[in-house]
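Only the coordinates and a few stated rules stand behind these numbers; no lab work does. What you see is a predicted model; the values in this text were computed from it and never measured. Note that each Cβ is placed from the backbone with ideal geometry, even for glycine, and that neighbours are counted across all protein chains shown.
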Amino acid sequence: MKKYFSSFVVVCCYTINHHEQLKKYTYIVNKYRYNTNNNDFYRSQAWRTLRRQALERDKHLCQICLQHNELTFADTVHHIKPIRQNEAEKLNLNNLISVCRKCHNELHREKPMNLKKKKRRLNNYTNLVKRFTNNRETW
């Protein structure tokens with residue numbers, strides 16, 4: 001009886017753990033499900049040109065790391081205001097910021113930031129982009 005019980009507990013724990021992992025995976029897939037319109041947008045020539053302009057404007061440096069006095073190569077361009085919230089801003093250069101992969105993953109992490117922190121961060125990025133677009137002499 002004892003042997004049966006211990007194997008039952010192991011199987012149940014595995015099943016429960018597997019179920020929780022599956023729920024988490026399903027949540028992430030549904031949350032970040034690729035929209036075919038977005039796929040077409042990110043493959044468009046207009047996006048590629050704008051992405052290149054944003055990276056050149058920011059000298060291929062991660063703007064978030066730069067705020068922390070770190071020099072990191074930026075390989076990703078992030079929309080400050082998400083496309084889902086503001087479709088009209090998706091091709092606006094002032095809505096884009098160059099970031100490294102680590103910072104981009106942090107911006108899109110699973111747990112959403114609290115609203116105050118997110119607003120503060122977005123305001124910092126917006127001000128940073130304005131500062132560099134208005135004052136080119138700093139480069």
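Details
- Of the residues 41, 73, the one with the fewest other Cβ atoms within 10 Å heads the list, and the complete ranking is 73, 41.
- Extension gain (nm, one decimal) between residue 119 and residue 23, 0.36 nm per residue minus Cα-Cα: 31.6 nm
- Segments 55-66, 76-87 sorted - mean Cβ within 10 Å per residue, highest first: 55-66, 76-87
- Aspartates and glutamates with Cα under 18 Å of residue 119, excluding same-chain neighbours fewer than 8 positions away: 89, 106, 110
- Pairs from 102/130; 24/59; 23/90; 24/130 whose Cα-Cα separation, in the structure shown, is over 29 Å: 24/59; 23/90; 24/130
- Label-point gap, in nm, between residue 44 and residue 70 - each point 7 angstrom along Cα→Cβ: 3.4
- Counted by neighbouring Cβ atoms within 10 Å, the residues 89, 20 run from fewest to most as 20, 89.
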